[in-house]
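Read-outs: derived from the displayed coordinates by stated rules, not from any lab. Just so you know, these numbers come straight off a predicted model, no measurement behind them. Glycine gets a Cβ as well: all are built from the backbone with ideal geometry, and neighbour counts include every protein chain shown.
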Amino acid sequence: MNIILAPIAGIIALLFAFYLSNKISKADPGNERMREISSYIHEGAMAFLTREYKALSVFIIVVYIVLGFFINWLTAICFIFGALFSILAGFFGMQVATKANVRTANAARTGQNKALEIAFSGGAVMGMSVVGLGLLGVGLFYILFKDANIVTGFGLGASSIALFARVGGGIYTKAADVGADLVGKVEAGIPEDDPRNPAVIADNVGDNVGDVAGMGADLFESYVGSIISALTLGAVLFKDNNSGIIFPLILAAVGIIASIIGSMFVKGDENSNPQKALKNGTYVSSILVIIASGILSRMIFGDFRAFFAITAGLVVGVLIGQFTEMYTSADFNHVKKIAKQSETGPATTIISGLAVGMYSAVLPVVFIAIAMILAFFIMGGYGEAQNVLAGLYGISLAALGMLSTTGMTVAVDAYGPIADNAGGIAEMAELPKDVRKITDTLDSVGNTTAAIGKGFAIGSAALTALALFASYSQAVQLKAIDLLNPLTLVGLLVGGVLPYFFGALAMEAVGKAANHMIEEVRRQFKSIPGLLEGKAKPDYKTCVDISTAAALKEMVLPGVLAVVVPLLVGLLLGTEALGGLIAGSLVSGVLVAILMANAGGAWDNAKKYIETGEHGGKGSFAHKAAVVGDTVGDPFKDTAGPAMNILIKLMTIVSLVFAPLFLKYGGILLNLIK
């Protein structure tokens, strides 16, 4: 098989995204008021992205120069394109998502099916942009340079942009959300998405910059990282032929085609649950990848070992989605228990939500461990005949299997904020109640798909980071890590505490930005005559500016930390201590990420469950307690939690890319002590 099929599949994905984009543009955007509201959201989202990317250009140039001088200029060029392609994926996805929202709201006037089709198509543009640009970039640069180690620069570029996009987008969206909720819903007693709320546009913009551009960048770098880890290990394992290179590239190409076919199965009945339609697409694409991986495994390797490793990763990815739904959906008892606890106040709401988040970490970690064991021993064998490198290659294939249907996963996830925005536009444009009922149905499913997407991102981050760690160990010739070595223990402890420090920075950033937002919303309610009565128009622009400025300022330190810390540890303490750092951050980062993401999702859906009329409904004591829980959960699930995925992957790929530097100069402090 020819490697050229990989970039061709990437181009097919981009053409499909272009087709969907045109299809959405032709849909009716509704009346003048709807178009006006949509334009505010679109302009705010694109303005934020433009300012964010301008700010990141300085970081990109600095890292490019460092890579060029200390590693090599080809890796530096790959880094530039990795960053650029990540930016383009976010830009394309955001452009279409902010057009699809108003068209989804208008389509809801005629029925649920049409609204679901437009919202999902908007998400699919993001999904296809992610996998299309990802595979196109990795495939082309491998064909050009014929060296997997050089292509790691592309992964570093993708990871760098992803972290800033996730943290910046998360701070933006939660500052607006918390300000809008606490002052609007709790203090002023006005509904969610009420046009009288000055923070409502910033809130809707935030849904896009956080859950469309942010999530897209997150899974873009996971997707690219999983392919690169398989390439680097495959190149070492199969020195005599390029089968270890061909297989992951062709499998990724098959995953794109499977996701395109799967997207065509996202159709439902007018009164059916949209979740069922979205699951159909996920299951179809997954089954197609499993069948194709069996054929490819037999053709390329002559046996089915790679097939079983890929299937293990793919099945665990689907299971993690189910576990996440079980702990975050109001259809299950965990969320209903939180809603029940809200009857006794915010304290019990917080306690029960944290407990759910902690419980939710158990099953995903157990099944990730099972996937790792199966992939390692199936590929690597047992006993004296065991090939450790082959086993590590199996783990990289499991990660790739989990991420092979990323096009569909991102599409389902990005559908959520589009549906959420559609509900907001319907509310602000004062559309009939039956329209809002349809958008609320789509939105409630969107909350669950967003939680599933975050769970999937965390699970894939664990396997991808482990696969990249294996690549790092090969690059620095690290056969084992001695836990009795004090320097290794130092690395382990520093790595373990980094996700907590990182999470604290993100949470604090949201708190500070939210304070400014709350003060501004209160000021406008007091100083603008007739605002609460609906006789005056709020100043939306100031609230958008507050979120933008806070996000751009506060994203810098967390982003720089993730690059600088592994460089410092590798140079000062050496390659083994850096291995300890990666291991420590991987373990604690995955657990903290699952806790935060699922506790936040559970609090959110407990609030929405009460709003359906349970436990007193909207405005009740239980509802006010649930709003507090949701407010705490917002930065948990949308800022700090998701950023952990990228933190652990970015530190691992930084270690891999700069491995030649550590081999040459690493252990400066250790040498001084000696």
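Observations on the model:
- From phi via Karplus (6.51, -1.76, 1.60), per-residue ³J(HN,Hα) for the range 233-241 in Hz, x at Gly/Pro: 6, x, 5, 6, 5, 10, 5, 7, 8
- Note on the chain: with charges restricted to the Cβ of Lys and Arg (+1) and Asp and Glu (-1), its dipole about the Cα centre is near 540 debye.
- Contour excess over end-to-end distance, with Cα ends at Ser57 and Leu389 and 0.36 nm allotted per residue: 115.7 nm
- Relative contact order, whole percent, for the chain stands at 21, derived from Cα pairs under 8 Å and 6 or more residues apart.
- From phi via Karplus (6.51, -1.76, 1.60), per-residue ³J(HN,Hα) for the range 604-610 in Hz, x at Gly/Pro: 4, 6, 5, 4, 5, 5, 5
- Each peptide in 69-76, 210-217 was scored by the mean count of other Cβ atoms within 10 Å over its residues; highest first, the order is 210-217, 69-76.
- Sequentially through the range 650-662, phi angles give Karplus couplings (6.51, -1.76, 1.60; θ = phi - 60°) of 5, 4, 5, 6, 4, 4, 5, 5, 8, 3, x, 5, 5 Hz, Gly and Pro residues having no value and appearing as x.
- Net lengthening on full extension, Leu483/Lys664 (0.36 nm per residue, minus Cα-Cα): 62.8 nm
- Against the chain, whose longest principal axis comes from its Cα atoms, helix 388-403 is set at around 20 degrees.
- FRET efficiency estimate (nearest 0.05) - Cβ-Cβ, Val556 to Lys535, R0 60 angstrom: 0.90
- Note on Thr50 and Glu36: their simple-model spin labels are 2.3 nm apart, each label 7 Å out from Cα toward Cβ.
- Theoretical FRET efficiency, 1/(1+(r/R0)^6), r = Cβ-Cβ of Glu430 and Trp73, R0 56 Å, to 0.05: 0.45
- The gain in end-to-end length when the Ile673 to Phe18 segment is fully stretched comes to 229.9 nm, 0.36 nm per residue minus the alpha carbon separation.
- Estimated from the Cβ-Cβ distance and a Förster radius of 30 angstrom, the FRET efficiency linking Val366 and Thr344 is about 0.40.
- Where labels lie 7 Å past Cα in the beta-carbon direction, separation of Val66 and Asp545 in nm: 3.4 nm
- Reported label for calculated Kirkwood radius over Cα pairs in Å given (i) 35.7; (ii) 24.5; (iii) 26.7: (ii)
- Taking a ≥ b ≥ c as the square roots of the eigenvalues of the alpha-carbon gyration tensor, the range 127-172 is classed oblate because a/c is 1.5 or more while a/b is no larger than b/c.
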